[in-house]
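The values are calculated or read from the model by the stated rules, or taken from the named source; none is laboratory data. A quick note: this is a predicted structure, and the numbers were derived from the prediction, not measured. Positions of Cβ are generated from backbone atoms using ideal geometry, with glycine treated the same way; all protein chains shown enter the neighbour counts. Each accessible area value is taken on the protein alone, full model and side chains, heavy atoms only, with ligands, DNA and RNA left out. Shrake-Rupley method; radii C 1.70, N 1.55, O 1.52, S 1.80 Å.
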Amino acid sequence: MNNVREIYQSKLGSATDALKLVRDGDFIIVPSGVGEPPQLLTALSEHRTNFRDVKVGQILALRKYGYFDASTVQHVRHVAFFFGPASRPGGQAGWIDFLPNYFGEIPRLIEQNNIPADVVFSMASPMDEHGYFALSLGTDYTMAAVAKARSVILEVNANVPFTHGQCHVHISQVSALIESSDAILEVGLPVIGPVQAAIGKYVAEMIGDGATLQIGYGAIPDAVVIQLAEKHDLGVHTEMIGDGILSLVSCGAVTNQKKNFHKGKMLATFALGSQKLYRFMHHNPQLEMHPVSYTNDPAIAGQNDNLMTINASLQIDLLGQCGSESLGNCPYSGTGGQSDFVRAANRSKGGKSFIVLPSTAKNDTISRIVPALANGTHISTSKNDVNYVVTEFGVAQLRGKTYRQRAEELISIAHPNFRGELRAALNKM
């Protein structure tokens, strides 16, 4: 104990001191969401003009730090693996870069040097008596980066939970440490309206007792969660753990006892929610945080029988192609784990994948079910993978269907105002 504590003290310093480990041309890996270290990224922002051609790679940036600045991208530039609130405007304007990926494959891209990992900046829990920290808020691809990086810099915060799983970094792997005590950023549940509730009801009716859940972020996935409270012995194998899943644990719907893979355990790779969620995660034997290459690998996640995966899309065409991450050629988010889990559910015995979306946008003036995706749309999930598509008007089941059959299925769940023109377009096509 004394030895690891002495090593800890020898590596402890200020954020400005830690920046001395960053070199011009470095690629800095930062975890997803609330795993991003605010003091380190604030210091990098304040000193950004001291660097040249430094890149920061991250999925789902939440805070707009000073380095999100079009005028200083030659010094420090953001590279988005998935656009979040902070990075989306710069991505749409063209001064933030985008790196296409499947979330589950980012660790492999790092391991194979397709994505550089010179430095890691990460939030971490306090060190335990054996010298280990937990990267519990964003285990994701960060563990792969830790194994490759020249310098690993941790922002240790007493509010970060210490969790079980493959999420631990030893003091011997760490180059520098800083300490902070700020509350972890909270991300509230989305607002659920009648359309989202109707979609949630359709999906919930198709999920039986004992199913294992993967639930994405958004109003519709959370609308599903609300309607699962009366289910029994549900399990969790997901990428994101949030307050929706926590509510199912609290009411007794999630027990993980019927899981045939990691029985009795919930698996996730990053967290996004409230202080209550972060406290729930701390030393909780029910929960394990694993790298995204484990949670999102379809061959691994698909070992869960009755895996139900729920993910949102922006648009779908009559062939069944999902445009979930852009509006035409204007980027909005990223592929994330959608395709990973659609494929996992297709492999699962008794599994079902649900793509959920409102039938319209802009006050019922635009159909989200379209004859063909707009020019430049980024296709997130292919026609060969999509199975169930759900709107507030019902459920379309596509796998095993011909082009015309699946088009008819999709037209049947489109908004009634657009069904005639969709059918006319189908006949013309």
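Screening region 344-373 for residues that are part of a loop (DSSP other than H, G, I, E, B) and open to solvent by less than 50 Å² (accessible area, probe 1.4 Å) and picking the one that is nearest to Gln92 (Cα to Cα) gives Leu373.
Counting only helices (runs of 4 or more DSSP H) that fall entirely inside region 206-319 and contain at least 1 residues that are among the polar types (S, T, N, Q) and under 24 Å from Ser339 (Cβ atoms), the qualifying elements are 292-295. When Pro194 is tested against (1) over 19 Å from the mean Cα position of the chain (by Cα); (2) open to solvent by less than 10 Å² (accessible area, probe 1.4 Å); (3) not hydrophobic (A, V, I, L, M, F, W, C), just one condition goes unmet, and that condition is (2). Summed over region 57-80, the residues that are surrounded by fewer than 24 Cβ atoms within 10 Å (Cβ to Cβ), out of contact with any helix residue (DSSP H, G or I) (no Cβ under 7 Å at 6 or more places or on another chain) and not small (Gly, Ala, Ser) give a count of 6.
Would you confirm, using the coordinates I've provided, whether Ser324 is on the phi < 0 side of the Ramachandran plot, hydroxyl-bearing (Ser, Thr, Tyr) and at pLDDT 95 or above? Taking the combined requirement at face value, the residue does not satisfy it. The single condition among (1) touching an Asp or Glu at 6+ places or on another chain (Cβ under 9 Å); (2) in a helix (DSSP H, G or I); (3) open to solvent by less than 50 Å² (accessible area, probe 1.4 Å); (4) not basic (Lys, Arg) that Val187 does not satisfy is (2). Tell me, please, whether a residue that is within 24 Å of Ala271 (Cβ to Cβ), touching a Gly at 6+ places or on another chain (Cβ under 8 Å) and open to solvent by less than 60 Å² (accessible area, probe 1.4 Å) can be found in region 10-28. The answer is yes; a qualifying residue exists.
Just wondering, is there one or more residues in region 119-128 that are among the β-branched types (Val, Ile, Thr) and surrounded by fewer than 24 Cβ atoms within 10 Å (Cβ to Cβ)?
no
All conditions but one from (1) more than 27 Å from the chain's Cα centre (by Cα); (2) open to solvent by less than 10 Å² (accessible area, probe 1.4 Å) apply to Phe83; the one that does not is (1).
Of everything in region 107-134, what is part of a loop (DSSP other than H, G, I, E, B), out of contact with any Gly (no Cβ under 9 Å at 6 or more places or on another chain) and not aliphatic (A, V, I, L, M)? Give them in sequence order. Those that are part of a loop (DSSP other than H, G, I, E, B), out of contact with any Gly (no Cβ under 9 Å at 6 or more places or on another chain) and not aliphatic (A, V, I, L, M): Gln112, Asn113, Asn114, Ser125, Pro126, Asp128, Glu129, His130, Gly131. Only one entry in Val195, Val249, Val225, Val191 is aliphatic (A, V, I, L, M) and modelled with pLDDT of 95 or more, namely Val249.
With respect to the conditions (1) open to solvent by 10 Å² or more (accessible area, probe 1.4 Å); (2) closer than 18 Å to Ala271 by Cα; (3) outside any helix (DSSP H, G or I), Gly104 falls short on a single one, namely (3).
If the condition is being open to solvent by less than 10 Å² (accessible area, probe 1.4 Å), in contact (Cβ under 8 Å) with a residue 60 or more places away in the chain and over 23 Å from Asn296 (Cα atoms), then region 317-330 contributes only Leu318. Among the residues of region 36-56, those identified as open to solvent by 20 Å² or more (accessible area, probe 1.4 Å) and not charged (D, E, K, R) are Pro38, Gln39, Thr42, His47, Thr49, Asn50, Phe51. Out of the residues in region 409-418 meeting the condition of being in contact with a strand residue (DSSP E or B) (Cβ under 9 Å, 6 or more places away or on another chain) and not in a loop (DSSP other than H, G, I, E, B), tell me which one is surrounded by the most Cβ atoms within 10 Å (Cβ to Cβ). Per the criteria, the residue is Leu410.
For Leu248, the criteria (1) of a type outside the set (Lys, Arg); (2) touching a Pro at 6+ places or on another chain (Cβ under 8 Å); (3) free of Cβ contacts under 8 Å to residues at least 60 places away in the same chain hold in every case but one, which is (2).
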